[in-house]
Structure formats: structure tokens, C-alpha cells
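Here the structure is laid out as C-alpha cells; the discussion comes afterwards.
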Amino acid sequence: MDFSETTRCISSGLKDFCKYFIYIATQISLFESIHFKYHIKFIDLVKSLKEDYYYEYSVE
């Protein structure tokens, strides 16, 4: 393997890595926005469930 082959190999590897990195970054940002939207709803749900549970528990 000569120098030009090595650089070509490295550059194609970097290209793939960049594609992969961008793909992961977009997936993470999508996940974050979805997670953020539903996380707030989830917290509200947990709070209401907790309040119901404590209410039932304290009534008995």
C-alpha cells in the first residue's frame, strides 16, 4: 500500500465517519425534541398518579 492509497483509504473512512456522525446527530436531536415534548407530559402523568395514590393511601 503506497501513500496515495493510504490517503484515499483515510479520506473515504473520514467521509463515512462524517456521514455516520451527522446521522447520529440528527437522530439525537430528533430524539431530544420528542423526549422533551413527552417528558413534560410524563412528569405531569407521574405527578397526577402520585397524588391519586397518596390520596387513596391517606384516605384508608
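Pull up the cross-link candidates among the lysines for Lys41, meaning alpha carbon to alpha carbon under 28 Å and not fewer than 8 places away within one chain.
Lys50
Multiply the residue gap between Ser12 and Glu51 by 0.36 nm, knock off their C-alpha separation, and tell me the result in nm, one decimal place. Spell out each step's value before the answer.
Details: separation 39, 0.36 × 39 = 14.04 nm, distance 5.67 nm.
Working it through step by step, the gained length comes to 8.4 nm.
Bear in mind that the values in this text are calculations on the coordinates, not laboratory data. All values reported here derive from a predicted model rather than from experimental measurement.
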